[in-house]
Amino acid sequence: MSSSQKHQERFDFGADEDAVVTLAPFSGPCSLEDDEFPFEAISDVAEVESWRKEINRPIYHIHKWWAQRLGTVFRAIALGALTPSGTDVLNAFYRPIRVKDLTVFDPFMGSGTTIGEAAKLGARAIGRDINPVAHFLVRNALAFHDREAVLRTFREIERDVADQIRAQYKTVLPDDTKADVLYYFWVKQVDCPECKTSVDLFSSRVFAKHAYARRHPEAQAVCPSCGEVNAVRYDAEHATCTSCASEFNPQIGPASGQKATCPSCDHTFPIAKTIRERNAPPDHRLYAKLVLTADGKKVYAAATDEDRQSYARAEELLAARPNAYPVVGIEPGYNTNQALGYNYRHWHEMFNARQLLSLSILADRIREIQEPVLRELFTCLFSGALEFNNLFTSYKGEGTGAVRHMFAHHILKPERVPLEANVWGTPKSSGSFMTMFEGRIRRALDYADDPFELRLQREPGQKNKTEKVYGLSEPLGFDLAQDFPSFKNGKRVYLSCGDSSVTDIEDGAVDAIITDPPFFDNVHYSQLADFFHVWQRHILGEDGTRAIETTRSPSEVQNANVDAFTERLGAVWAECHRVLSDQGVLAFTYHHSRSEGWSSVLHALMEAGFGISAAFPIKAEMSVAMPKLQAKEPIDLDIVLVCRKRSTLEKHQWNGDLWGTITPKAANQVARLRRSGRKLSRNDVRIIIMAQLIRQLSRSHSLESALSLLEASGPEIEATIESLHIVEKSVETEVKS
């Protein structure tokens, strides 16, 4: 009888699918190291989750984070790491499994997915992150919240300030009645260097269209002569203004790419350079609004003098408020330099006066909440609302969430036609404080009380359906430990903020480390997180994790310099080696299109004393993420690297044929994904091959020889990618024909 069969006998789940199955600690290989691990089936479920992560795993989406992992993937990884070899992971995925007396650690906890998924399985969990905003959001996601107290607090905030904020978003209709404004539309202006005329930076006069424009072709365009709002086809190249009878092409505006042409004197000039020379952020002009009428209809209209007077009154009210907002400078960096290039020098300059007034009213009221847990939760909600209420947002249109948030591009990209949403909101608003309470906080409370998993229902000849499976997991909501001793003495979840290369965890206290480390790249989360951090300090005070104005740290692992990244990642892996039991596994997700990214992670792992026991592909981030859509060869997969202490790994016997060992494993994984219906880009194939290569090198070579072989393997890597990708392309050709 094989060891796998023995394990299956020992951990028989039984016939009753609803019965809770409690698993005890075990020694030996785990099911995450099995060649049969069902990564393609898990990827299919994860794909469904990825399209609406905020609905399918709302607990991890109460606040923005830039590496929000898929809960389906990390539930499967946790199950695989905590169950013995031979376990049917797909079966276990939909069973009420409890892994008592086991501890999971995530040194890069981000939005908290590992911690939540481990806790749902009954495990004890430790999370740490160097970024205070990440630590703050996970504390709010996983702390216990009294539902009635949360709802009561929201009603009290609504009673005290909602009308005061709503009053800033009122307009007068032609019949002299007042109505709520859902959105105000603004355009950046820059003075023509030649004639000094203010030039609107429209690239198109069409400012509003449906998300599915071909099916719903009506759009809205602003007349360049009189400013009237006209209904046009989204693709119309000719329009006649209904107000002044001017004819214009709605598709054309003064701005084109990086340049603009002055309508008054026809002078063409560079936009960014002209703005920089002004030495102040660009001006904005209010030109349109979307009104919610008393009968519930949405009506587009041109901005009026009364609308501009309303904004001027908001400016006066803001000026009269003491300490209305945080005044903190924006530091230079890869992810902030674009904003600095438009002369945004302070974080508050990224908002207009009415937004700052409304946010100030909210911030002051939240600061008055007496209960610390509730004060933090509503600060978290407020912080999330910042993302949708600033001058870096834009209009997505009807048929979807109307506000495109400011981090769609992973950088602080100035928006030439920004959208101003109603900060408190209406039932038909998007991105408002009120609607985000319903969509983020209340939804997260529901999920915490009764978590669910997604299951695909496949029916021949029909589109796959999805069902929610309840009753599999323990509820979420914990009295959080403040340090390791209190965790050791019985608290289930311990979260801390700081450098994960130094922790207070005892030697060998952790059974599994499951994480998603930062990539070796230019997206520095701390540079972006400061946008939220300065407001959190403004409301909650400047102590503890908010002692300084920035979340940037010299100890961050994330770094564009490969040597610095390797050194800092290696220091965290070394600490993981110390706190991990000798029988435990380190499992993490990773991908990179560049060879340096793979040599770096191999170097860091081996120097810390780890070897890779298994590697397999799995579904990565959201399929429609902007950086992915913009990539020529997008990576749709992550690699799960399963590691053990090299001192505990069996000597890997092989015949010295490196590529003869690697290629069949990579080809098998590519084939499995292809059979499941998943199309692979060239870079998807690349990361599968790279993972198998560093797996082999980490087990059968010294660090020096492993790195040397990896560096010399360029031609073989490219040839293997080509051979496996050609098969992929031929399959696509067959399907098309």
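The values are calculated or read from the model by the stated rules, or taken from the named source; none is laboratory data. Predicted model, so just to flag it, every value in this text is computed and none were measured. Neighbour counts are summed over all protein chains in view; Cβ atoms, including those assigned to glycine, are modelled from backbone coordinates with ideal geometry.
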query: Which ones in the range 568-585 are touching a helix residue (DSSP H, G or I) at 6+ places or on another chain (Cβ under 8 Å) and either modelled with pLDDT under 95 or farther than 14 Å from Pro518 by Cα (or both)?
result: Ala574, Val585
statement: Reported set for the range 173-201 where residues are within 22 Å of Cys241 (Cα to Cα), at pLDDT 95 or above and part of a loop (DSSP other than H, G, I, E, B) is Leu201
message: For the structure I just gave you, tell me whether Thr103 is modelled with pLDDT of 95 or more and within 20 Å of Gly28 (Cβ to Cβ).
response: yes
query: When the range 407-428 is examined, which residues are found to be surrounded by 23 or more Cβ atoms within 10 Å (Cβ to Cβ) and without any contact (Cβ under 8 Å) to a residue 24 or more places away in the chain?
result: Gly425
message: Out of everything in the range 671-684 that is in a helix (DSSP H, G or I) and farther than 19 Å from Asp35 by Cβ, what residue ends up being modelled with the highest pLDDT?
response: Asp684
task: Only residues that are part of a loop (DSSP other than H, G, I, E, B), over 21 Å from Thr103 (Cα atoms) and touching a residue at least 40 places away in the same chain (Cβ under 8 Å): list them for the range 142-160, please.
output: His145
Enumeration of residues in the range 55-82 that are closer than 23 Å to Gly122 by Cα, touching a Cys at 6+ places or on another chain (Cβ under 8 Å) and either of a type in the set (Ser, Thr, Tyr) or not in a helix (DSSP H, G or I) (or both): Ile62
message: It is to be established whether one or more residues within the range 492-513 are crowded, with 16+ Cβ neighbours inside 10 Å, more than 30 Å from Ile639 (Cα to Cα) and of a type outside the set (D, E, K, R).
response: no
message: What pairs come out if I take residues in the range 580-602 that are under 12 Å from Val642 (Cα atoms) and pair them with residues that are assigned to a helix (DSSP H, G or I) whose C-beta lies under 7 Å away, six or more apart or interchain?
response: Val585/Leu32; Val585/Ala81; Leu586/Cys576; Ala587/Leu32; Ala587/Ile77; Ala587/Ala81; Tyr590/Val601
- prompt: (1) modelled with pLDDT under 95; (2) loosely packed, with under 13 Cβ neighbours inside 10 Å; (3) closer than 25 Å to Ala385 by Cα: which one isn't true of Gly439, the others all being true?
  reply: (2)
statement: Counting only residues that are among the hydrophobic types (A, V, I, L, M, F, W, C), within 14 Å of Ser394 (Cα to Cα) and in a loop (DSSP other than H, G, I, E, B), the range 202-220 contains a total of 2
Those residues of the range 331-363 which are at pLDDT 95 or above, outside any helix (DSSP H, G or I) and surrounded by 16 or more Cβ atoms within 10 Å (Cβ to Cβ), in sequence order: Tyr342, Asn343, Tyr344, Phe351, Asn352
task: Considering each residue of the range 393-411, count those that are in contact with a Phe, Trp or Tyr (Cβ under 9 Å, 6 or more places away or on another chain) and assigned to a strand (DSSP E or B), and give that number.
output: 3
task: Looking only at the range 688-709, decide whether some residue is touching a Pro at 6+ places or on another chain (Cβ under 8 Å) and either of a type outside the set (Ser, Thr, Tyr) or modelled with pLDDT under 95 (or both).
output: yes
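So that you can scan it fast, the table gives a plain yes or no per residue for (1) touching a Lys or Arg at 6+ places or on another chain (Cβ under 8 Å); (2) of a type in the set (A, V, I, L, M, F, W, C); (3) surrounded by fewer than 16 Cβ atoms within 10 Å (Cβ to Cβ):
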residue: Thr177; (1), (2), (3): no, no, yes
residue: Trp186; (1), (2), (3): yes, yes, no
residue: Cys195; (1), (2), (3): no, yes, yes
residue: Pro217; (1), (2), (3): yes, no, yes
residue: Cys226; (1), (2), (3): no, yes, yes
residue: Cys241; (1), (2), (3): no, yes, no
residue: Ala245; (1), (2), (3): no, yes, yes
residue: Ser256; (1), (2), (3): no, no, yes
- prompt: Does Arg321 qualify as being over 25 Å from the mean Cα position of the chain (by Cα) and assigned to a helix (DSSP H, G or I)?
  reply: no
task: Tell me, yes or no, whether the range 523-532 has at least one residue that is under 27 Å from Val579 (Cβ atoms), assigned to a loop (DSSP other than H, G, I, E, B), in contact with a Gly (Cβ under 8 Å, 6 or more places away or on another chain) and modelled with pLDDT under 95.
output: yes
message: Gly431 - would you say it is buried (at least 19 other Cβ atoms within 10 Å of the Cβ) and either out of contact with any helix residue (DSSP H, G or I) (no Cβ under 6 Å at 6 or more places or on another chain) or over 27 Å from Arg313 (Cβ atoms) (or both)?
response: yes
- prompt: Name the residues in the range 306-330 that are in contact with a helix residue (DSSP H, G or I) (Cβ under 7 Å, 6 or more places away or on another chain) and either surrounded by fewer than 16 Cβ atoms within 10 Å (Cβ to Cβ) or touching a residue at least 40 places away in the same chain (Cβ under 8 Å) (or both), would you?
  reply: Tyr311, Ala314, Glu315, Leu317, Leu318, Arg321, Tyr325, Pro326, Val327, Val328, Ile330
message: Looking only at residues that are of a type in the set (Asp, Glu) and modelled with pLDDT of 90 or more in the range 533-560, which one is surrounded by the most Cβ atoms within 10 Å (Cβ to Cβ)?
response: Glu556
statement: Output for Cβ contacts, cut-off 6 Å, separation at least six or different chains, first residue among the acidic types (Asp, Glu) in the range 519-537, second surrounded by fewer than 24 Cβ atoms within 10 Å (Cβ to Cβ), reads Asp530/Thr550
task: Taking the residues in the range 107-141 that are part of a strand (DSSP E or B) and more than 16 Å from the chain's Cα centre (by Cα) as candidates, determine which candidate is nearest to Thr503 (Cα to Cα).
output: Arg128
query: Leu586 is checked against (1) in contact with a His (Cβ under 6 Å, 6 or more places away or on another chain); (2) hydrophobic (A, V, I, L, M, F, W, C); (3) not in a loop (DSSP other than H, G, I, E, B) and fails just one. What number does that condition carry?
result: (1)
- request: Out of the residues in the range 559-593 that are charged (D, E, K, R) and within 13 Å of Phe610 (Cα to Cα), state the one that is farthest from the chain's Cα centre (by Cα).
  value: Asp582
- prompt: What tally of residues in the range 14-54 results from selecting those that are at pLDDT 70 or above, over 26 Å from Asp684 (Cβ atoms) and in a loop (DSSP other than H, G, I, E, B)?
  reply: 12
statement: Residue set Pro224, Pro193, Pro254, Pro174; condition touching a His at 6+ places or on another chain (Cβ under 8 Å) and either farther than 30 Å from Tyr60 by Cβ or acidic (Asp, Glu) (or both); output residue Pro193
- request: Would you be able to tell me the number of residues in the range 364-405 that are under 22 Å from Phe136 (Cα atoms), without any contact (Cβ under 8 Å) to a residue 60 or more places away in the chain and out of contact with any His (no Cβ under 6 Å at 6 or more places or on another chain)?
  value: 7
